[in-house]
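Participant: Please see the structure below; I have some questions.
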Amino acid sequence: MSAPLPPIGMLAELTHRCPLQCPYCSNPVELLKANRELDTETWLYLFRQAADLGVLQVHLSGGEPTLRRDLEQLIAGLAGRGVYTNLITAGVGIAEGRIEAFAEAGLDHLQLSFQGARAETTDRIGHNRGAHEKKLETARRTVAAGLPLTINAPIHRHNIEQVPEFIKLALSLGAERLEIANIQYGGWALLNRDALMPDREAVMRQAEIVEAASAKLAGVLNIDFVTPDYFAIYPKPCMGGWARDAFMVAPDGTVLPCHAAHTIPSLTFERFGEKSLGEIWEDSPAFNAFRGTDWMQEPCRSCERCEIDWGGCRCQAMAIAGDAAATDPACIKSPHHARMAAFVAEAQAAAAAHDASADFHYRRITAGHEAAKVKA
Ligand code: SF4
Ligand code: FES
C-alpha cells in the first residue's frame, strides 16, 4: 500500500466529563475520569504535530470541552498555527465572559447541541433541569461575540416530531447552520437503541420536512441532514472513509480512526507520546486495517460505490454483522441488511407497549460498566 495522504481533520475529545447525561451519547460506555486526561502541554504539543502533519481543522469536543479550564490556551495554540477551530458544546454552565475569551483566543466557529426544541425535552433527554434556558443564553452570547453558530439537533424517537420547531429555533437564534442529525447507534446510543429508535413513518415525514425547508431557506439557513442508517439503502462514508482524511484523539491521548473504533476487538490503538501522530497515522496497524479498498470483501470489493462510501461504517459492521470487515449492514447489498429493519420493528413493538424513555440508561461516568452489564 502506498503512503497515505496527510489528514485534514481531527476530532479532539478533550474530556469525557459532561454536565448532561444524554442516552444517545457517542462516547464509549466506559468513560474516562478526569485524572486520565492529557494535560495542557501535551495537548498543545499534539496540536503542533497535527498542524505539521497537515491538519487544517480541529473539532474540540468531549464530553463537554468547556469543562477544561485551559480551553482558551488550547484554542490559541491551534489558532496560532492557522488551524480552523470548531467548538462542539452542550452550552450549559459556561462562565460569564468565557465565550468572548474563546473568540479572542481565535475560535472560528461554535456548534451548540439542543436535545429538544422544547425546554421539557432538552431537560429530560439531557437529564439536567434548566439546561434549555442555559443553551438559549449560550446561543445569544455566541452570536453577540461575533462567532458563527451551528445548532446541532440529534434526532431520535423522543424529538423527531420537533423538527419544524428546531428549524424555527435555529432561525430565532441567528444560527447560520442547522444540523438535523439522526443519531448513530454506537456507544451509549447502541445501549439505548430500543428506547431511541424512531418509527419509519416519522422518519419519512422528517425527510420531507427537511427537504422542503432546505429549499425554502436557501441562503438564509443552511440545513445539513444526517440520514438515519437504519432506514437507509446505502451507508454513509463513515469518517469520510477509515483513516482517509481524519482521525480522533480520546481524552487520554489514544489516537483512533473514529470514535467507536475501540469496539473492534481485533485492533489495538496507540497513544500519543509513545508514538508521534505522524507515525500513528502512517504506520499503525489499526489505521491500515481498513484503509482504502484492499481489505474489502464481496459485495463491496466489486461494487461501483466502493470509493463513494468506502464500505460504510466498520463499527456498525462489527456491532451488527459481528465482523468489522463486512459490508455495513445499512447497505441493501449486505446479507445482514434485514436485521436493521428487524431492530426497528422490535423497538417499535416495545415502544407501543410502554414509554420507551423509562428504559434510558443515562450516560454516567461511574455507571458505564454497570450499564454495559445490564445490556449483556
Ligand atoms: Fe457501499 Fe459496499 Fe454497499 Fe457497495 S456493497 S454500496 S461499497 S457498502
Ligand atoms: Fe467507526 Fe463508523 S464509527 S467506522
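Participant: Apply the a/c threshold of 1.5 to the C-alpha gyration tensor of region 105-218 and tell me whether it is rounded, prolate or oblate. Kindly include the intermediate steps, with their values, before the conclusion.
Facilitator: Details: a/c = 1.85, a/b = 1.31, b/c = 1.41.
Oblate, since a/c reaches 1.5 and b/c is not below a/b.
Participant: Report the gain in length on full extension from residue 333 to residue 3: 0.36 nm times residue separation, minus Cα-Cα distance, nm rounded to one decimal. Can you show the working numbers first?
Facilitator: Values: separation 330, 0.36 × 330 = 118.80 nm, distance 3.06 nm.
Contour length minus the Cα-Cα distance gives 115.7 nm.
Participant: Now for a different question. When Lys and Arg each count +1 and Asp and Glu each count -1, what net charge do the other residues less than 11 Å away from residue 184, Cβ to Cβ, add up to? Before the final figure, lay out each step's value.
Facilitator: Values: positive: 193, 236; negative: 229.
Local charge sum for residue 184: +1.
Participant: Related question: Report, in debye and to the nearest 20, how large the dipole of region 62-219 comes out about its Cα centre when Lys and Arg carry +1 and Asp and Glu carry -1 on their Cβ. Before the final figure, lay out the partial values.
Facilitator: Numbers: 18 positive and 20 negative charges, 21 e Å.
Roughly 100 debye for region 62-219.
Participant: Further question on the same structure: Place a point 7 Å from Cα of residue 222 in the direction of its Cβ. Which residues in region 139-178 have their backbone N less than 18 Å from it?
Facilitator: In region 139-178, the label zone of residue 222 (backbone N under 18 Å from the point 7 Å along Cα→Cβ) covers 143, 146-153, 167, 170-178.
Participant: Now for a separate question. Tell me, what is the FRET efficiency for residue 73 and residue 271 to the nearest 0.05, using R0 = 30 angstrom and their Cβ-Cβ distance as r?
Facilitator: On the way: r = 22 Å, r/R0 = 0.72.
About 0.90, to the nearest 0.05.
Participant: Now for a different question. List the longest stretch of the chain that has no exposed loop site; here a site is one of the GluC sites (Glu not before Pro) assigned by DSSP to anything other than H, G, I, E or B, with at most 16 other Cβ within 10 Å.
Facilitator: Values: sites that count: 30, 96, 176, 274, 304, 307.
It works out to 177-273.
Participant: Need one word for the chain: rounded, prolate or oblate. Basis is the Cα gyration tensor (sqrt eigenvalues a ≥ b ≥ c); a/c below 1.5 gives rounded, then a/b vs b/c decides. Kindly include the intermediate steps, with their values, before the conclusion.
Facilitator: Details: a/c = 1.41, a/b = 1.02, b/c = 1.38.
Rounded is the answer for the chain, as its axis ratio a/c remains below 1.5.
Participant: Could you pull out every whole DSSP H run in the chain that spans at least 15 Å of Cα extent along its own axis and averages 0.5 or higher on the Kyte-Doolittle scale?
Facilitator: Numbers: long enough: 40-53 (20 Å, -0.06); 131-144 (20 Å, -1.07); 200-216 (24 Å, -0.23); 337-353 (25 Å, 0.72).
Helices passing the filter in the chain: 337-353.
Participant: Over what distance in Å are the Cα centres of region 91-166 and region 37-52 separated?
Facilitator: Between the Cα centre of region 91-166 and that of region 37-52, the gap is 27 Å.
Participant: Here's another thing I want to ask about it. Express as a percent, rounded to the nearest 5, the fraction of DSSP beta bridges in the chain (both residues included) that run antiparallel.
Facilitator: Numbers: 3 of 36 bridges.
Among the beta bridges of the chain, antiparallel pairing accounts for roughly 10 percent.
Participant: Restricting things to Cα coordinates, could you compute the convex hull volume per residue of region 209-273 in Å³?
Facilitator: Hull volume normalised by residue count: 160 Å³.
Participant: Related question: Local charge sum around residue 107 (other residues, Cβ-Cβ under 11 Å, Lys/Arg +1, Asp/Glu -1)? Write out the running numbers ahead of the final one.
Facilitator: Details: positive: 98; negative: 72, 100, 104, 108.
With Lys, Arg at +1 and Asp, Glu at -1, the neighbours total -3.
Participant: Follow-up question, since we're still on this one. Kirkwood hydrodynamic radius of region 173-239 from all distinct Cα pairs, in Å?
Facilitator: Details: mean 1/r = 0.0743 Å⁻¹.
This gives a value of 13.5 Å.
Participant: Net charge around residue 234, counting only other residues with Cβ within less than 12 Å of its Cβ (Lys, Arg = +1; Asp, Glu = -1)?
Facilitator: Values: positive: 236, 305, 333; negative: 229, 304, 309, 328.
Here the charged neighbours net out to -1.
Participant: In addition: Once a ≥ b ≥ c are taken as the square roots of the eigenvalues of the Cα gyration tensor of region 24-167, is the result rounded (a/c under 1.5), prolate (a/b larger than b/c) or oblate (a/b not larger than b/c)?
Facilitator: Values: a/c = 1.93, a/b = 1.56, b/c = 1.24.
Because a/c hits 1.5 or more and a/b exceeds b/c, region 24-167 counts as prolate.
Participant: Charges only on Cβ, +1 for Lys and Arg, -1 for Asp and Glu: so what's the dipole of the chain about the Cα centre, in debye to the nearest 20? Kindly include the intermediate steps, with their values, before the conclusion.
Facilitator: On the way: 36 positive and 46 negative charges, 105 e Å.
Roughly 500 debye for the chain.
Participant: Using only the Cα atoms, work out Rg/Rh for region 165-295, with Rh taken as the Kirkwood radius, to two decimals. Write down the numbers at each step before the final one.
Facilitator: Numbers: Rg = 18.5 Å, Rh = 17.5 Å.
Across region 165-295, the Cα-based Rg/Rh ratio is 1.05.
Participant: With unit charges on the beta carbons (Lys and Arg positive, Asp and Glu negative) and the dipole taken about the Cα centre of region 246-361, which residue among 297, 261, 287 sits farthest to the positive side?
Facilitator: 297
Participant: Fewest to most neighbouring Cβ within 10 Å: what's the order for 268, 263? Don't jump to the answer; show the numbers that get you there.
Facilitator: Numbers: 268 11, 263 19.
In order of increasing Cβ crowding within 10 Å: 268, 263.
Participant: While we're looking at this one, here's another question. Give the total of Lys-Lys pairs in the chain with Cα-Cα distances below 19 Å; include a pair only if its members are 8 or more places apart or on different chains.
Facilitator: 4
Participant: Convert 25 °C to kelvin, take the viscosity as 0.890 mPa s, use the Kirkwood radius over C-alpha pairs of region 288-343 as Rh, and evaluate the Stokes-Einstein diffusion coefficient in µm²/s, rounded to a whole number.
Facilitator: In µm²/s, the coefficient is 221.
Laboratory data are not the source of any read-out in this text; all were calculated from the coordinates shown. A quick note: this is a predicted structure, and the numbers were derived from the prediction, not measured. Methodologically, a virtual Cβ is constructed for each residue, glycine included, from the backbone with ideal geometry; neighbour enumeration extends over all protein chains shown.
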